[in-house]
Amino acid sequence: MQDYQLIIFDWDGTLMDSVARIVSSLQGAARAASLQEPCFDSAKQIIGLSLPKAMQTLFPEDNHLHEHLIGQYKHHYRELDRIPTPLFDHADELLSGLKSAQKLLAVATGKGRAGLERVWQQSNSGHYFHASRCADESESKPHPDMIHSLLSELAIAPEQALMVGDTSFDLEMAQLAGVDSVGVTHGVHPSEILAQYQPKAIVNSLPELAQLLLPQ
């Protein structure tokens, strides 16, 4: 692998094991709005999108309920905060190793700013990152706005950055931004979907990712 200066991570499904919780919250929001619950797989497919875009995708015929659904989703997600969502195994070791190797680290996430700050505090992981972009301050993935903005803030050329994510939205965003990518399969989308966006590699775990990115 190239010796990239900047590693940009997606959050949910890439560093944090939060897929089941997000799906449960989406299903709870549907119940609260008296709509049919999306099945687990359907709900899982929209992880990574901004909440407005996610609701448009899941409930295209219920535009008048989207704001209500977003409010209910946030309520259900916060109600589950009594049990903090864990990072994936070896996430701390990976991030610590990359920071020790003098890499710049960033997050590009479908979460809102308040949600990212909350999980950073819960997982004591915010200190690893030099910059971040959230869905409520950027265009939704797969639009390349988040990556373009991070590159500008950190003064990094596209060829010196790498995007790591678990969804087609992450890898398509990288492709549109002219940035290399690596797909991880422990989150939302399987390798056959990720491979469509020509990532430099596809890995099944964070230790595999560490082998690619850290000096051996």
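The values are calculated or read from the model by the stated rules, or taken from the named source; none is laboratory data. What you are looking at is a predicted structure, and each value in this text was computed from that prediction instead of being measured. Here the Cβ is made from the backbone with ideal geometry for all residues, glycine too, and neighbour counts use every protein chain on show. Protein only, heavy atoms only, side chains kept; ligands, DNA and RNA dropped before computing areas. Shrake-Rupley method; radii C 1.70, N 1.55, O 1.52, S 1.80 Å.
Data overview
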{"item": "Test: residue in segment 97-115 that is more than 30 Å from GLN2 (Cβ to Cβ), basic (Lys, Arg) and modelled with pLDDT under 90", "result": "no"}
{"item": "Every pair of residues 6+ apart whose Cβ atoms lie under 6 Å, when the first sits in segment 115-133 and is closer than 18 Å to PHE88 by Cβ while the second is open to solvent by 10 Å² or more (accessible area, probe 1.4 Å) and part of a loop (DSSP other than H, G, I, E, B)", "result": "GLN122/PRO84"}
{"item": "Any hit, segment 50-65, residues being touching a residue at least 60 places away in the same chain (Cβ under 8 Å) and among the hydrophobic types (A, V, I, L, M, F, W, C)", "result": "yes"}
{"item": "Segment 26-62, subset surrounded by 15 or more Cβ atoms within 10 Å (Cβ to Cβ) and among the polar types (S, T, N, Q), residue nearest to THR167 (Cα to Cα)", "result": "GLN45"}
{"item": "Any hit, segment 77-90, residues being open to solvent by 50 Å² or more (accessible area, probe 1.4 Å) and touching an Asp or Glu at 6+ places or on another chain (Cβ under 6 Å)", "result": "yes"}
{"item": "Hey, ALA210 within 22 Å of ALA131 (Cβ to Cβ) and open to solvent by 50 Å² or more (accessible area, probe 1.4 Å) or not", "result": "no"}
{"item": "Matching residues in segment 185-199 - criterion: being aliphatic (A, V, I, L, M) and either under 12 Å from the mean Cα position of the chain (by Cα) or under 19 Å from ALA210 (Cβ atoms) (or both)", "result": "VAL188, LEU194"}
{"item": "Looking only at segment 106-124, and only at residues there that are of a type outside the set (Val, Ile, Thr) and crowded, with 20+ Cβ neighbours inside 10 Å, the one that is nearest to GLY165 (Cα to Cα)", "result": "ALA108"}
{"item": "Hits in segment 5-25 - residues which are open to solvent by less than 10 Å² (accessible area, probe 1.4 Å), in contact with a Leu (Cβ under 8 Å, 6 or more places away or on another chain) and not β-branched (Val, Ile, Thr)", "result": "LEU6, PHE9, TRP11, LEU15, MET16, SER25"}
{"item": "Qualifying residues in segment 173-184 (those that are under 13 Å from the mean Cα position of the chain (by Cα) and not in a strand (DSSP E or B)) - the one surrounded by the most Cβ atoms within 10 Å (Cβ to Cβ)", "result": "ALA174"}
{"item": "Residues of segment 155-169 satisfying the condition of being open to solvent by less than 30 Å² (accessible area, probe 1.4 Å) and assigned to a helix (DSSP H, G or I)", "result": "SER168"}
{"item": "Residue match in segment 185-202 (condition: more than 29 Å from PHE40 (Cα to Cα), open to solvent by 20 Å² or more (accessible area, probe 1.4 Å), part of a helix (DSSP H, G or I) and not acidic (Asp, Glu))", "result": "no"}
